[in-house]
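Q: Mind having a look at this structure? Questions to follow.
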Amino acid sequence: MGWRNLPGGRGAAISILCLAAAVLPSIAPASRLAGFPSAASSDSAAAAAPTPAPDTSAPPEPPVQLVLGELTNRSAPVPAGPTTFVPILLYHYIRINPNPADRVGFNLSTPPAMFFAQMQYLSDHSFHVLSLHQAVEAIRQHRPLPSRPVVLTFDDGYADFLTAAVPAMRAHGFTATDFVISGRMGVTGFMSPAQVLAADGMGFNIGAHTVDHYALAALPPARASWEMRQSKLALESLLGHPVIDFAYPYGSYNAYDTTEARRLGFETAASTLTGTVHTAGQLMFLSRVRIGGAMSLSTYARLIGGPAPSHAESTAAGPAPSPTPTPTRVPTATPSALPIATPSKSPALVR
């Protein structure tokens with residue numbers, strides 16, 4: 001899980017640290033960055049909201065932290081021991097990206113027509129859409145799963161989960177897990193508490209995604225624990241039942257965070273590591289498959305182990321969108337901007 005996993009090896013890791021140090025000398029020590037964030041999962045959102053259930057025991061505000069908007073996904077470690085194959089898909093927005101120049105927003109967005117076509121593909125090719133809990137139990141006990149298993153997960157709790165994703169999934173009897181940032185409920189673009197409650201009532205699983213969406217590995221341990229614990233408590237208070245699933249913001253975590261997630265009562269904690277084969281020892285950093293951007297239906301089918309889509313199926317998905325209106329050159333892989341999270345006086349910081 002160290003820097004050796006980053007593309008380019010140790011040299012690339014040193015370059016990233018040097019860049020971070022030049023922009024923000026007060027960044028947290030590298031020893032806390034063992035689970036350095038991959039692609040940002042909410043960099044396009046910026047608003048502030050109170051926490052649903054304020055915790056007066058919250059530790060002091062964390063220091064200003066740097067978040068690199070775009071880093072190449074890392075592969076999950078090679079599993080050791082009995083393995084279970086089940087693609088766990090990671091979605092964010094179900095929308096047409098409103099700002100074509102926003103590459104982060106583009107990569108996190110799946111146009112509704114494409115999402116509908118993906119759900120139709122799963123239905124037409126007899127995929128078994130499992131709940132996250134069903135998949136976790138099979139991984140833990142190494143139980144066989146139905147043919148062509150797949151799990152649908154969404155990060156952040158965006159409003160278009162309820163307005164765009166849920167209708168498409170319900171049309172096929174599918175379920176999903178949405179990892180909700182508790183401090184952003186009710187903020188423009190995110191589900192309100194009533195909408196989160198409605199999604200839960202329709203049978204969709206709600207998981208925790210911290211209060212403020214900080215990169216946990218860059219936080220002091222007490223603050224990281226508070227972010228996990230308070231998001232769990234706030235959602236449980238709203239829903240009236242236990243919340244047992246968690247996802248690390250930006251895929252950022254370290255050994256302390258994984259241990260603390262288990263101690264707080266989460267049965268699994270999802271990462272942004274890429275992989276479709278799982279072992280019981282990896283349930284606190286569960287790998288997923290990122291979906292979004294200009295992904296064709298053929299690529300989608302290949303990632304989940306399905307047959308190539310027909311011409312009619314591909315046509316239904318519509319043309320692949322472009323991240324820019326009229327691209328004139330190949331964009332560079334280096335982020336053009338490094339968004340910085342500046343803490344407010346309230347623990348409900350939102351970037």
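Q: Could you order peptides 215-223, 153-161 by the average number of other Cβ atoms within 10 Å of their residues, highest first?
A: Ranking the peptides 215-223, 153-161 by packing returns 153-161, 215-223.
Q: Could you give the radius of gyration (one decimal) and Dmax (whole number) of the Cα atoms in the stretch 73-135, in Å?
A: 15.4, 45
Q: Return the carbon/sulfur percentage of the accessible area of the stretch 78-172, one whole number, probe 1.4 Å, all protein chains in place.
A: After summing per-atom areas, the C and S share lands at 57 percent.
Q: Over all directions, average the projected area of the Cα convex hull of the stretch 275-315 and note it in nm².
A: Mean projected area of the Cα convex hull: 3.5 nm².
Q: Same structure again: How do the peptides 174-182, 198-206 rank, highest first, by the average count of neighbouring beta carbon atoms within 10 Å per residue?
A: With the highest mean Cβ count within 10 Å placed first, the list reads 174-182, 198-206.
Q: If you consider only alpha-carbon coordinates, what radius of gyration and Dmax does the stretch 153-265 have, in Å?
A: Rg then Dmax for the stretch 153-265, in Å: 13.8, 44.
The values are calculated or read from the model by the stated rules, or taken from the named source; none is laboratory data. Just so you know, these numbers come straight off a predicted model, no measurement behind them. Virtual Cβ from ideal backbone geometry, glycine too; neighbours counted across all protein chains shown. Note: accessible area is taken over every heavy atom of the protein model, side chains too, but ligands, DNA and RNA are not part of it. Shrake-Rupley method; radii C 1.70, N 1.55, O 1.52, S 1.80 Å.
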